[in-house]
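First the structure, in the form of structure tokens, and then the observations on it.
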Amino acid sequence: MPNVNFLLRIFIGGLFIVSAIGKGLDDAAFAIELKTLLLPVASLFSASTGTTQRIMNAIEPFLPMLSLCVVFMELLIGAMLLVNIYLRSAAMLAALLLLVFTVVLALNLALPADTLKHCGCFGQLWNEPLDAWSLVRNATLFLMCVGIYFTSTQTTRQYATMADKT
């Protein structure tokens with residue numbers, strides 16, 4: 001099973017880093033994309049369009065910081081998976097992040113905003129349209145993260161600790 005774990009963590013780690021780079025290339029555009037993605041989420045917590053707009057106006061000043069946090073989290077998780085540091089923790093964080101992204105995307109499919117054109121998953125690198133495929137892809141990636149979690153030990157950098165024993 002270590003070979004499957006290795007392949008999964010390299011794939012997911014690389015994917016998270018590529019996604020972070022795509023979003024970080026134009027963090028202002030990603031912040032605008034976040035606003036568009038969060039509009040249906042805000043509409044769930046409000047009874048009228050005016051209330052939704054007030055919620056979005058309250059969130060808007062924090063969107064640039066939130067976009068940088070997403071980029072940083074993706075870079076950190078990707079690096080942890082690639083370098084083999086705290087694999088179970090990295091896999092759990094990746095799965096949780098994918099779960100949040102999937103819920104937001106599902107809400108956007110169920111309650112579409114007129115301005116949403118693509119999912120924003122890879123930022124400026126790939127403008128994939130938002131559709132059911134986005135949910136299937138995220139669910140598959142989530143299951144891969146679960147696979148990494150259950151086939152990993154929490155030991156940090158096992159290959160380095162084995163070399164130290166000799």
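The values are calculated or read from the model by the stated rules, or taken from the named source; none is laboratory data. Keep in mind the model is a prediction, meaning the values are calculated, not measured. In this analysis, Cβ positions are derived from the backbone assuming ideal geometry, glycine residues included, and neighbour counts consider all displayed protein chains.
Inside region 89-113, can you point out the residues that are more than 9 Å from the chain's Cα centre (by Cα), touching a residue at least 12 places away in the same chain (Cβ under 8 Å) and assigned to a helix (DSSP H, G or I)? Of everything in region 89-113, those that are more than 9 Å from the chain's Cα centre (by Cα), touching a residue at least 12 places away in the same chain (Cβ under 8 Å) and assigned to a helix (DSSP H, G or I) turn out to be Ser89, Ala90, Ala91, Met92, Leu93, Val104, Leu105, Ala106, Leu107, Asn108, Leu109, Ala110.
In the set Ser134, Ser152, only one residue is at pLDDT 80 or above, polar (S, T, N, Q), crowded, with 16+ Cβ neighbours inside 10 Å and more than 16 Å from the chain's Cα centre (by Cα); that residue is Ser152. For Leu66, indicate whether it is in contact with a Phe, Trp or Tyr (Cβ under 9 Å, 6 or more places away or on another chain) and free of Cβ contacts under 8 Å to residues at least 40 places away in the same chain. So Leu66 does not fit the description; no. Scanning region 60-82 for residues that are over 12 Å from Ile12 (Cα atoms) and of a type in the set (Val, Ile, Thr) returns Val70, Val71.
The number of residues in region 30-52 being exposed (fewer than 14 other Cβ atoms within 10 Å of the Cβ) and out of contact with any Leu (no Cβ under 9 Å at 6 or more places or on another chain) comes to 6. For Lys35, indicate whether it is out of contact with any strand residue (DSSP E or B) (no Cβ under 6 Å at 6 or more places or on another chain), part of a helix (DSSP H, G or I), among the basic types (Lys, Arg) and touching a residue at least 60 places away in the same chain (Cβ under 8 Å). Answer is no for this residue.
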